[in-house]
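Colleague: Questions regarding the structure given below will be posed in turn.
The values are calculated or read from the model by the stated rules, or taken from the named source; none is laboratory data. Source: prediction; values computed, not measured. Cβ: placed from backbone, ideal geometry, glycine included. Neighbour counts: every protein chain shown.
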Amino acid sequence: MSADAGDTVRQSILDELQRQAGNSEGALRVQPGSDRVEINGPVDLDDLVMVVMGSLAGGP
């Protein structure tokens, strides 16, 4: 995987986690750092996988 693809997947994961946190009414908290992310709460894994797969396929 190229560095650009890795950056795309990384950003897609962070965006999806933050989307889920925004919709969780406080049940999920996400604190991104420079090379790590702290996640507290439930994550919808199916939604996360779909976002990663879409980013690898070149989708939005």
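Colleague: Just to be sure before I move on: is Glu38 out of contact with any Leu (no Cβ under 9 Å at 6 or more places or on another chain) and modelled with pLDDT of 95 or more in the structure I sent?
Modeller: Yes: the conditions hold for Glu38.
Colleague: Only one of (1) outside any helix (DSSP H, G or I); (2) among the charged types (D, E, K, R); (3) surrounded by 14 or more Cβ atoms within 10 Å (Cβ to Cβ) fails for Arg10. Which number is that?
Modeller: With respect to (1) outside any helix (DSSP H, G or I); (2) among the charged types (D, E, K, R); (3) surrounded by 14 or more Cβ atoms within 10 Å (Cβ to Cβ), Arg10 is out only on (1).
Colleague: Can you tell me which residue in region 13-50 is surrounded by the fewest Cβ atoms within 10 Å (Cβ to Cβ), limited to those that are in a helix (DSSP H, G or I) and of a type in the set (D, E, K, R)?
Modeller: Among those residues, the one meeting the criterion is Asp46.
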